[in-house]
Amino acid sequence: MAIQLRGKPSQWVTIWLFFLIAVGGLWYPLLGYLMLGMMLGIPLLAYFRSRYWCGNLCPRGAFLDIVLYQFSPRRPYPRLFKKQSFRWGVFSFIMTVFAIRMTLAWGNWLAVGGLFVNMCVVTSIVAILLGVLFNQRAWCAICPMGTLQESLGKLGSKVHKKTVAKLDE
Ligand code: SF4
């Protein structure tokens, strides 16, 4: 199997963050707070640029495009993944589990950091499994952050269009 060098220059910069959090975080849980920073910044970017983060900057997206691509059969993922109800179901499930675990860990800042690392590791394992079964970006079809960005992007473009229409009146 020939290795194909791919990925955008920005992804080659951000991919190291994926390894830093998912691997380094196992020894140094405070690295999990890097994920918190991203989770807070992503919605703002998404409002203006929809899924720009996913295609250009996401560290895990970079890992999927650069590394997992090499091992993926590149088959279409199940149609179920495109259903909004399923995607929001995955979103709700992951956020509920996260909220419960956050409540339990609250006050222990090492444990909170570890929770972010754990979330990154578990969802990355799912992303890798889906990648070797279907295609490297199959996880991105149901990733809670992707679902959120898409909705915020649509909202942002609606608001933008309305504002432009009002200015044209
Ligand atoms: S869908 Fe999720 S994992 Fe995929 S690129 Fe976007 S934020 Fe990253």
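The values are calculated or read from the model by the stated rules, or taken from the named source; none is laboratory data. In this text, all values refer to a predicted model and were calculated from it rather than measured experimentally. Don't worry about glycine lacking a Cβ; one is built from the backbone with ideal geometry, like all the others, and counts go over all protein chains shown.
Against the condition within 14 Å of the ligand (Cβ to nearest atom) and either more than 26 Å from Val132 (Cβ to Cβ) or among the hydrophobic types (A, V, I, L, M, F, W, C) (or both), how does Val90 come out, does it pass? Step through it out loud before you land on a result.
Numbers: within 14 Å of the ligand (Cβ to nearest atom): yes; either more than 26 Å from Val132 (Cβ to Cβ) or among the hydrophobic types (A, V, I, L, M, F, W, C) (or both): yes.
Judged against the criteria, Val90 is a match.
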Suppose we filter Val159, Val117 for residues that are of a type in the set (Val, Ile, Thr), loosely packed, with under 15 Cβ neighbours inside 10 Å and either in a helix (DSSP H, G or I) or within 12 Å of the ligand (Cβ to nearest atom) (or both); which single one remains?
Val159
Reported set for the range 1-48 where residues are at pLDDT 95 or above and among the basic types (Lys, Arg) is Lys8
Could you name every one of the helices (runs of 4 or more DSSP H) located completely within the range 1-91 that has at least 1 residues being exposed (fewer than 15 other Cβ atoms within 10 Å of the Cβ)?
9-19, 33-49
List the residue pairs whose Cβ atoms are under 7 Å apart, where the first residue sits in the range 105-128 and is within 14 Å of Pro144 (Cα to Cα), the second is outside any helix (DSSP H, G or I) and away from the ligand (no atom under 12 Å from the Cβ), and the two are 6 or more positions apart or on different chains.
none
Report every pair of residues separated by at least 6 positions or lying on different chains whose Cβ atoms are under 6 Å apart, first residue within the range 5-30 and in contact (Cβ under 8 Å) with a residue 60 or more places away in the chain, second buried (at least 16 other Cβ atoms within 10 Å of the Cβ) and polar (S, T, N, Q).
Ala22/Ser124
Taking the range 15-72 on its own, how many of its residues are on the phi > 0 side of the Ramachandran plot and more than 13 Å from the ligand (Cβ to nearest atom)?
0
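Filter the range 125-152 down to the residues that are among the small types (Gly, Ala, Ser) and either more than 15 Å from the ligand (Cβ to nearest atom) or surrounded by 19 or more Cβ atoms within 10 Å (Cβ to Cβ) (or both) and list them by number.
Of all residues in the range 125-152, those among the small types (Gly, Ala, Ser) come to 127, 131, 138, 141, 146, 151.
Ala127, Gly131, Ala138, Ala141, Gly146, listed by residue number.
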